[in-house]
Amino acid sequence: METISSIDAMRAWCREKSISGKTIGLVPTMGALHKGHLSLVHAAKNSCDHCVTSIFVNPTQFAANEDLDQYPRPIEDDLAMLRHAGVEAVFMPTADEMYPGGVERHATSVHPSAVALPLEGVHRPEHFAGVATVVMKLFQAAPSDRAFFGRKDFQQLCVIEHMVRDMNLSIEIVPCDIVREPDGLAMSSRNRYLSDDERQRALCISKSLNLVERAFLDGSRDAKQLESIMADHLSPCDSVDYAVVADRQTLLPVPKITRNAVALVAARLGATRLIDNRELETE
Ligand code: AMP
């Protein structure tokens, strides 16, 4: 497995691998890898001839009060997992390599579509501009045929899908299902921050989504009713940023579910903020 830190070398690798029509799958990550990330790697390996994974903790998607400095960076473990998974190349650029104009300055950036505004956009106003910008940069650094993103970060997936559509990018975005712990907790790099007690209480998030799904499958279409089911079961969390039912396309609130929707939760356990969601499909 090659580890590559310069954009020039990454581009050269992709150029070489894509000769004679071979396809490349890109899996962007921030490291601290778990089985959720590996499911993206497996999907990439299954559908592409070559697979590259990036590990880059992107400073521009963290607000000043967030966990950029504490974000876990177990790089040796990550590389061992990727080697074991059969990844051929890992792109690990420095912040200077990715942001030649500096991260603090007013450099050129991507302004995401309106789907970035609700939900996370309310609680983390600069977050998706940082995400869209770094993903655009990764697409330039590692030109690939397909890029694999988890449904775990549902709004992020929507932001990236819109960016690819709106900017006419020639890359296919492949959404991948949420991988969960056996007890239902959605896998996340941030789960390692949780104390035993917080880890136990965090289970209410996936349980509340299970209950919403069950009510939806039993015929409930009233968003307020579904949201109150979530609210009732999220009390073990220390705080809840949102627990809502939104339209699948716009992520805006819907009073009544008449087409595909999604239930989304963001909640804190101690200092750790977790997100999860469940798609509610009408067709
Ligand atoms: P991150 O390292 O948190 O930026 O995540 C990198 C990619 O892995 C994103 O596309 C995430 O949506 C995806 N991902 C993270 N956790 C999971 C999970 N539990 N199941 C599926 N995909 C995930």
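Each reported figure results from applying straightforward, stated rules to the coordinates on display, with no laboratory input. This one's a predicted model, so the numbers in the text were calculated from it and none came from an experiment. When we count neighbours, we look across all protein chains shown, and the Cβ atoms used for this are built from the backbone with ideal geometry, even at glycine.
Among 179, 174, 212, which is the only one that is closer than 22 Å to residue 283 by Cβ, β-branched (Val, Ile, Thr), within 13 Å of the ligand (Cβ to nearest atom) and touching a residue at least 24 places away in the same chain (Cβ under 8 Å)?
174
Under the condition of being under 17 Å from residue 156 (Cβ atoms) and within 8 Å of the ligand (Cβ to nearest atom), which residue from the range 35-54 is farthest from the chain's Cα centre (by Cα)?
Among them, the one singled out is 39.
From the list 239, 235, exactly one residue is within 30 Å of residue 32 (Cα to Cα), exposed (fewer than 14 other Cβ atoms within 10 Å of the Cβ), touching a Cys at 6+ places or on another chain (Cβ under 9 Å) and not basic (Lys, Arg). Which is it?
One residue alone meets the criteria, 235.
Would the range 215-230 turn up any residue that is in a helix (DSSP H, G or I), among the small types (Gly, Ala, Ser) and either within 16 Å of the ligand (Cβ to nearest atom) or in contact (Cβ under 8 Å) with a residue 12 or more places away in the chain (or both)?
Yes, some residue in the range 215-230 is in a helix (DSSP H, G or I), among the small types (Gly, Ala, Ser) and either within 16 Å of the ligand (Cβ to nearest atom) or in contact (Cβ under 8 Å) with a residue 12 or more places away in the chain (or both).
Only one of 134, 110, 87 is under 17 Å from residue 173 (Cα atoms), in contact (Cβ under 8 Å) with a residue 12 or more places away in the chain, out of contact with any Lys or Arg (no Cβ under 7 Å at 6 or more places or on another chain) and not acidic (Asp, Glu). Can you tell me which?
Of 134, 110, 87, the one residue that is under 17 Å from residue 173 (Cα atoms), in contact (Cβ under 8 Å) with a residue 12 or more places away in the chain, out of contact with any Lys or Arg (no Cβ under 7 Å at 6 or more places or on another chain) and not acidic (Asp, Glu) is 134.
Report, by residue number, each residue of the range 116-156 that is farther than 22 Å from residue 68 by Cβ, within 14 Å of the ligand (Cβ to nearest atom) and of a type in the set (A, V, I, L, M).
147
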